[in-house]
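K.L.:
Attaching a single structure in structure tokens format; questions to follow.
The values are calculated or read from the model by the stated rules, or taken from the named source; none is laboratory data. Keep in mind it's a predicted model, so treat the numbers as computed, not measured. Because the Cβ atoms are built from the backbone with ideal geometry, glycine has one as well, and the counts that use them run over all protein chains shown.
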Amino acid sequence: MRDRLKVFAIDIIKGSVRSKSRRPMYALVRMVGQEIESESEVSMFRLFRLLASEQPDILALDSLQEIAADQRELFFFLQHLPPQTRLVQVTGGERKETLGKVAARYNISFDRFDPFAEARTAAQVASLGAGAEVIAFENESEVVVSRHRSLGKGGWSQNRYVRKIHGAVQQKGREIEQALIAAGLRYEKKETRAFGGCSRVAFRVFAVRDQIPVSTYRGADVQVRISGKRLDRIRFRPLTRRPRYLIVGIDPGTTTAVAALDLDGNLLHLASSRQMNMSGVIESLYKVGKPLIIASDVQEMPYSVEKIRRAFAAIAYSPKQDTSVDTKMELTAQFPYANDHERDALSAALEAYRQYRNKFQNLAKRVPPGHDLDEVRARVIRGQALEQVLGDLDVKPAVPETVEPSVAIDTKRDERVRVLDGMVKRLRSFVAELQEEAKARDYEIHRLQSRLRRVHTARDVKLAKDADIAQRDAIIQSLKNRLRKAERYNKNLIKRLTRKKQSEEIAMEGEAVPLKVLDALTRDGMHRLIEDAGLEEGDVIYVHRTDGWGRSVVKDLADAGVLAVITGTATQAGSDQQMLPAFRELGVVLISDADARAQVKGKTGQVQKAVLDAALARWQEEQERLEREKKSAMVEHIFKEYKSERGKEVRKGG
């Protein structure tokens, strides 16, 4: 119950947690319910002593920087808090506000230069539900039982002393295990056996620290340490889940714009989008707060805005006539906006706030400090009387002293009305809770659908990326193959160039003629020779083997202008009898290695120029002799044919 809530609040007076010479001193305010019990100045050590002895429900402050310089120190501070004490930052969690703004929501004013006044204010707003609880540990704790004494170097009674300590550790571990079983908690146990018992017993308990029926203990022989499992990062959990009330302006159309103000006229949210539909508007408003008033900038509220208003059961506001552009620009002059749609939405919200501003200010003057101003404003705007609202909030309304009751009150009827009002209030709260649950589920469905779309999009992007990578890998492999071919071709060219240089050096000396070596007198051999060394007019070729020769190969040699072909000595015995006539017919010189005496090494060789010239001369002489014989035979053949024909004619004439 809030009436019995025990709250400690602190504010730093002097010093700093970052200073090693000036340790901090705090203003401590202790409050039970709504009554302040005491105020004192304490150090950090004294604060921990008081927290351990009194174990309050809440330790409130306005900034975590007052108790810890970094996250490591904050974990240490939270570890040493009593399990049931919650650390509350009254200025909010991830998104902080000033203590003045938080106090203003509860109609509380204070001297911000007085640490005790700030501590009192922090205690009051924390007891009313403001701020966020600091969460640092998971729902898992560790209980460790270990020795509290050193075993020492030993003596006459060393073994008995060791058995005593290890037996005490084992006994304490069994007591804690029985307590965990009695509390119905799930745990895992790990014992370190030692002489006479256990040197260490560790329990991994699947529960938060304040649910463990064991407290930290330090005895003569045994100590018990309880610690929670740390989160990866500090989290914040609001003390109350009630959202803030909003004044919302909406400008529908192709581009939908939404503006949200709090009940003090501060701009909290302003956005516009072409893709924003009704569900998108509702979702964006849910993230900011709960709309109390929904306004438009035209006299007749558009149907889409009316649907959103009904979804929140909010109060509608429309101007008596359509708002002019000049008025809109005047209202929104001090606020930044991106386009005309945001300007129209913001002007509608500001005009609605201006309509209710005086009423809000009057309520702030009439409401006593110590409760939520926004809640009072919202209920009054919805039609409830201020006295009824204050009565529902368990705050007695201030009655003027000059007013004296002159009419007798029917106490039974008044009690009946009070009971019925309470029943109506509870039913309304139940309906509101159901509506909130339905909205929360709709929001969760929309969030999961959005997450699913993001997953699909990420998967599509990954598939497209994988396809691009595969295509690029194929291109890279093709380029590598081309590169290897080019390298092989370049290597062959280098070899050809080397052999050509050697041939030119041999030719320049004038005493020898370079040879190009052909493995076999075949088409394949010709292709390899052309690919390796090339084939030019006037070349002399050395052939190792002539088996498998063909007339087409000899014709290719003649077409290439080869000067001579030297056959190896190993091929002479098996030479074809038709090969020499083919060479002579096509005009290619064929020389035996026995006549040329060529010197061959690998794919290159040489022959003495004088020997080659002599062989060529003999070939030429033989060729000329054969030509003469061929001509003589042809003339003789012609003469014989003429003689035969002439004889036939003589015989016919006789």
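K.L.:
How many of the residues in segment 262-278 are in a strand (DSSP E or B) and either farther than 18 Å from Ser347 by Cβ or in contact with a helix residue (DSSP H, G or I) (Cβ under 6 Å, 6 or more places away or on another chain) (or both)?
P.N.:
Adding up the residues that qualify gives 5.
The rows are residues; the columns are (1) over 29 Å from Lys601 (Cα atoms); (2) at pLDDT below 80.
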position: Ser429; (1), (2): yes, yes
position: Ile445; (1), (2): yes, no
position: Thr457; (1), (2): yes, no
position: Ile476; (1), (2): yes, no
position: Thr498; (1), (2): no, yes
position: Glu509; (1), (2): no, yes
position: His527; (1), (2): no, no
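K.L.:
I'm trying to understand the selection: among the residues of segment 240-255, which are assigned to a loop (DSSP other than H, G, I, E, B) and either in contact with a Leu (Cβ under 9 Å, 6 or more places away or on another chain) or among the hydroxyl-bearing types (Ser, Thr, Tyr) (or both)?
P.N.:
Thr240, Arg244, Thr254, Thr255
K.L.:
In addition: In segment 94-143, what residues are touching a Gly at 6+ places or on another chain (Cβ under 8 Å) and basic (Lys, Arg)?
P.N.:
Arg112 - this is the single residue of segment 94-143 that is touching a Gly at 6+ places or on another chain (Cβ under 8 Å) and basic (Lys, Arg).
K.L.:
Being more than 30 Å from Ala349 (Cα to Cα), surrounded by fewer than 18 Cβ atoms within 10 Å (Cβ to Cβ) and β-branched (Val, Ile, Thr) is the filter here; which residues of segment 194-246 pass it?
P.N.:
Listed by number, the residues that qualify are Val208, Thr216, Ile234.
K.L.:
Does Pro319 meet the test of being touching a Pro at 6+ places or on another chain (Cβ under 7 Å) and not acidic (Asp, Glu)?
P.N.:
No.
K.L.:
Can Ser146 be described as modelled with pLDDT of 90 or more and more than 30 Å from Val102 (Cβ to Cβ)?
P.N.:
Here the answer is yes, as Ser146 does meet what is asked.
K.L.:
Residues to consider are Val169, Val214, Val201; find the one that is in contact (Cβ under 8 Å) with a residue 40 or more places away in the chain, in contact with a Gly (Cβ under 8 Å, 6 or more places away or on another chain) and outside any strand (DSSP E or B).
P.N.:
Of the residues listed, the single one that is in contact (Cβ under 8 Å) with a residue 40 or more places away in the chain, in contact with a Gly (Cβ under 8 Å, 6 or more places away or on another chain) and outside any strand (DSSP E or B) is Val169.
K.L.:
Another question about this same structure. Condition check: touching a residue at least 12 places away in the same chain (Cβ under 8 Å), assigned by TED's automatic domain parsing to the domain that holds Ala68, over 22 Å from Thr91 (Cα atoms) and not hydroxyl-bearing (Ser, Thr, Tyr). Does Arg30 satisfy that?
P.N.:
no
K.L.:
For Arg472, indicate whether it is outside the structural domain of Ala615 (by TED's automatic domain parsing), out of contact with any Ser or Thr (no Cβ under 7 Å at 6 or more places or on another chain), within 30 Å of Ile282 (Cβ to Cβ) and assigned to a helix (DSSP H, G or I).
P.N.:
no
K.L.:
Residue under question is Met31, and the condition is that it be buried (at least 16 other Cβ atoms within 10 Å of the Cβ), modelled with pLDDT of 90 or more and farther than 15 Å from Ala130 by Cβ; does it hold?
P.N.:
Criteria not met by Met31.
K.L.:
May I ask you to verify whether Val565 is under 30 Å from Leu493 (Cβ atoms), touching a strand residue (DSSP E or B) at 6+ places or on another chain (Cβ under 8 Å) and at pLDDT 80 or above?
P.N.:
Judged against the criteria, Val565 is a match.
K.L.:
Further question: Being closer than 12 Å to Ala295 by Cα and in contact (Cβ under 8 Å) with a residue 12 or more places away in the chain narrows it down to one residue among Ala338, Ala348; which is it?
P.N.:
Details: Ala338 fails: closer than 12 Å to Ala295 by Cα.
Step by step, each of Ala338, Ala348 is checked, and only Ala348 is closer than 12 Å to Ala295 by Cα and in contact (Cβ under 8 Å) with a residue 12 or more places away in the chain.
K.L.:
Here is a further query. Can you pull out the residues in segment 316-367 that are of a type in the set (A, V, I, L, M, F, W, C), in a loop (DSSP other than H, G, I, E, B) and farther than 29 Å from Ile108 by Cβ?
P.N.:
Hits for segment 316-367 are Ala333, Ala338.
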